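Just so you know, all these numbers are worked out from the coordinates, no wet-lab data involved. These figures come from a predicted structure and were not determined experimentally. Cβ placement follows ideal geometry from the backbone for every residue including glycine, while neighbour counts extend to all protein chains displayed.
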């Protein structure tokens, strides 16, 4: 652990598939790595459809935030990658469900994602001590 840098790693999530941390805290900021629709119990996709994968990615994000004593309300910025623009309306509805009040700032590029993934998100949150 570098001074002022704390790695957040929870066993409730699928382990990282590469050399990265689930989240890193520096000061009162928490940086959560990109989360996809993998079921933490099986390590498999939560489903083949957009809604199932995106919902699981939001739940995975929520679990990592909880491991750092944060909630979705503490999120100040998200980057959400959607694989198909046709899912944008469904994405907005789901985003509004997880961020019903005072939603964070957001970027939402439409991109090609690997391995059948339809959605990925990362976020930055403010940690309350």
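Give the percent of DSSP beta bridges with both residues in the range 5-126 that are antiparallel, rounded to the nearest 5.
85 percent
For 84, 12, what's the fewest-to-most ordering of other Cβ within 10 Å of each Cβ?
12, 84
I need the per residue convex hull volume for the range 59-129, using only the alpha carbons, in cubic angstrom as a whole number.
86 Å³
As I understand it, the value is the acute angle between the Cα axis of helix 50-67 and the longest principal axis of the Cα atoms of the chain; what does it come to in degrees, rounded to 10?
10 degrees
For the chain, take the longest principal axis of its alpha carbons; what is the angle in degrees between that and the long axis of helix 88-98, to the nearest 10 within 0 to 90?
The angle comes out at about 40 degrees.
Report the FRET efficiency, 1/(1 + (r/R0)^6), for residue 26 and residue 59, where r is their Cβ-Cβ distance and R0 is 35 Å, rounded to 0.05. The partial results should precede the final answer.
Values: r = 25 Å, r/R0 = 0.71.
My answer for the efficiency is 0.90.
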